[in-house]
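Chemist: Encoded as structure tokens, here's the structure I'll be asking about.
The values are calculated or read from the model by the stated rules, or taken from the named source; none is laboratory data. What you see is a predicted model; the values in this text were computed from it and never measured. Counting neighbours? That spans all protein chains shown, and the Cβs are built from the backbone with ideal geometry, glycine included.
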Amino acid sequence: MMLTYDAVIVGAGVIGASCAMHFARAGLRVLVLDRAPAPGGGSTARATGGFRAQFGDAIDIRLSLVARDLLRRFRDDTGVDPGFVPVGYLWLAGSYAELGELRRANDVQVREGLVEAQLVSVDDIHNLNPNISLADVRGGAWCPSDGLLKPMEILRGCLDAAQRLGADVRWNTSVVAFERDGARITAVVTPNATFATGLVVDAGGPWAASIARLADIELPVVPLRRQVAITHPTRALPPTLPLTIWLADGFHIRVRDDRALLLMPTPGDPDDAWCDRVEPSWLDMITAIAAERIPALANVGLDRAAAWAGLYEMSPDRHAIVGFAPACTNLLFVNGCSGHGVMHALALGLLASELATARATTLDIHALRPSRFDDGDLVLGSSLL
């Protein structure tokens, strides 16, 4: 006998888990499928856990504000502490042109209700983070309500809450095909079973395009490798260090579990294969930059064996894709977050549940619709990386 669900969610990362929780809360009978053997087998476990509302475009700021409200209620709602600590985000401008970009972004932030976000002087930056070199720094931007969270705890809380509400979560289960009736998917096929459904959610993260291809749809989401360096345990920096970002090259630092995490985007390798590789030359570069910009780390070595890589899910305009596929009316895309998936996961799950149940959405998400790429109507405005 074929089991029937209101919704089948493909992908049990943090976004799929958030969808499952919100769908179950809305009264839907939910099945979640993931090819990994256990939670955290995809990109969520590789996320470093930053959370910010300091973006340069309205839709990302709005997503962050909704997500922040849900994050603050998360422990009461799920029983799991998401580890949210508002240490703040501190952006550094190395030129007056970059300072102008931060100023334009701040204008949008304040207009969207992020009134605590502010521009800061070099003296302010020294007071906020006295551990960094201010050579060539012209000013910056600061938001004290931004901070850090624990991606795997959010994943755990969402999955636990969804299952308590009756969601069925199955691991080691790949989706190999969809059965169609015209413009609608009628069933999801796995190697061992077929499940009838009224709705399919593509929450496949970096692998979302391969899921869409099962419905003969080309989804413009590609994986992009990002590398993370980590120091040996150190007390050279305080645990409350603001997440500090140099705007020019995206180099940034945060502290987690008495270690400093060091990151800087570099041209990555779009690749459907999972990639743990961290380039030794990249670690050499990060070591040199860190010693120059954070003098306190000059004598703190990298734990090279602990460095890791993960995958972003990149869309053409670096913004999430949320909405029904035009060519398949019950295939709902919730992906393409371009490095912001963990921080926006709670908001995206809520919005997806509203779309799934034909309710008015908390936010106007027309700008994130899948058809915008064919329409030539990409989201404009800087995401500040």
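Chemist: Just to be sure, is Asp69 under 13 Å from the mean Cα position of the chain (by Cα), within 30 Å of Arg103 (Cα to Cα), modelled with pLDDT of 95 or more and acidic (Asp, Glu)?
Modeler: Spelling it out, it is not the case that Asp69 is under 13 Å from the mean Cα position of the chain (by Cα), within 30 Å of Arg103 (Cα to Cα), modelled with pLDDT of 95 or more and acidic (Asp, Glu).
Chemist: Filter region 224-264 down to the residues that are hydrophobic (A, V, I, L, M, F, W, C) and out of contact with any strand residue (DSSP E or B) (no Cβ under 6 Å at 6 or more places or on another chain), then identify the one that is farthest from Arg277 (Cα to Cα).
Modeler: Ala236
Chemist: So, one more: Of everything in region 186-208, what is of a type outside the set (Phe, Trp, Tyr), in contact with a Gly (Cβ under 9 Å, 6 or more places away or on another chain) and in contact (Cβ under 8 Å) with a residue 24 or more places away in the chain? Give them in sequence order. Working first, answer last.
Modeler: Of all residues in region 186-208, those of a type outside the set (Phe, Trp, Tyr) come to 186-194, 196-206, 208.
Then drop every residue that is not in contact with a Gly (Cβ under 9 Å, 6 or more places away or on another chain), which leaves 186, 201-206, 208.
If the condition is that a residue be of a type outside the set (Phe, Trp, Tyr), in contact with a Gly (Cβ under 9 Å, 6 or more places away or on another chain) and in contact (Cβ under 8 Å) with a residue 24 or more places away in the chain, then Val201, Asp202, Ala203, Gly204, Gly205, Pro206, Ala208 are the ones that fit.
Chemist: When Val300 is evaluated against the numbered criteria (1) within 22 Å of Gly250 (Cβ to Cβ); (2) outside the structural domain of Asp284 (by TED's automatic domain parsing), which criterion, by number, is the only one it fails?
Modeler: (2)
Chemist: Name the single residue that is surrounded by the most Cβ atoms within 10 Å (Cβ to Cβ) among those in region 339-385 being of a type in the set (S, T, N, Q), modelled with pLDDT of 95 or more and closer than 20 Å to Ser64 by Cβ.
Modeler: The qualifying residue surrounded by the most Cβ atoms within 10 Å (Cβ to Cβ) is Ser353.
Chemist: Right, something else. Take the residues in region 140-188 that are polar (S, T, N, Q) and touching a strand residue (DSSP E or B) at 6+ places or on another chain (Cβ under 7 Å); name whichever of them is surrounded by the fewest Cβ atoms within 10 Å (Cβ to Cβ).
Modeler: Taking region 140-188 as the starting set, the residues that turn out to be polar (S, T, N, Q) are 145, 163, 172-174, 186.
Next, from what is left, pick out any that are touching a strand residue (DSSP E or B) at 6+ places or on another chain (Cβ under 7 Å): 163, 173, 186.
Details: Gln163: 17, Thr173: 21, Thr186: 15.
Out of the qualifying residues, it is Thr186.
Chemist: If you take just the helices (runs of 4 or more DSSP H) that sit entirely in region 55-122, which of them hold at least 1 residues that are farther than 27 Å from Ile365 by Cβ, among the hydrophobic types (A, V, I, L, M, F, W, C) and touching a residue at least 60 places away in the same chain (Cβ under 8 Å)?
Modeler: Values: elements: 58-72, 74-78, 96-111.
Fully inside region 55-122 and qualifying: nothing.
Chemist: Mind checking which residues of region 261-281 are over 14 Å from Glu313 (Cα atoms), at pLDDT below 95 and touching a Ser or Thr at 6+ places or on another chain (Cβ under 9 Å)?
Modeler: Of everything in region 261-281, just one residue is over 14 Å from Glu313 (Cα atoms), at pLDDT below 95 and touching a Ser or Thr at 6+ places or on another chain (Cβ under 9 Å), namely Glu279.
Chemist: Continuing with the same structure: So which of Phe195, Phe251 is aromatic (Phe, Trp, Tyr), in contact with a helix residue (DSSP H, G or I) (Cβ under 8 Å, 6 or more places away or on another chain) and buried (at least 19 other Cβ atoms within 10 Å of the Cβ)?
Modeler: After ruling out the rest, the residue left standing is Phe251.
Chemist: Does Glu354 satisfy the condition of being under 27 Å from Leu262 (Cβ atoms), in contact with a Ser or Thr (Cβ under 8 Å, 6 or more places away or on another chain) and among the charged types (D, E, K, R)?
Modeler: So Glu354 does not fit the description; no.
One line per residue, one yes/no per condition, for (1) touching a Cys at 6+ places or on another chain (Cβ under 9 Å); (2) in the same structural domain as Trp207 (by TED's automatic domain parsing):
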| residue | (1), (2) |
| --- | --- |
| Val14 | yes, yes |
| Ser18 | yes, yes |
| Gly27 | no, yes |
| Leu33 | no, yes |
| Pro37 | no, yes |
| Gly56 | no, no |
| Asp76 | no, no |
| Ala97 | no, no |
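Chemist: In the list Asn127, Asn131, which residue meets the criterion of being of a type in the set (S, T, N, Q), more than 20 Å from the chain's Cα centre (by Cα) and either under 26 Å from Gly336 (Cα atoms) or part of a helix (DSSP H, G or I) (or both)?
Modeler: Asn127
Chemist: Among the listed residues Ala296, Ala260, identify the single one that is free of Cβ contacts under 8 Å to residues at least 60 places away in the same chain and either basic (Lys, Arg) or surrounded by 16 or more Cβ atoms within 10 Å (Cβ to Cβ) (or both).
Modeler: Going through Ala296, Ala260 in turn, the sole match is Ala260.
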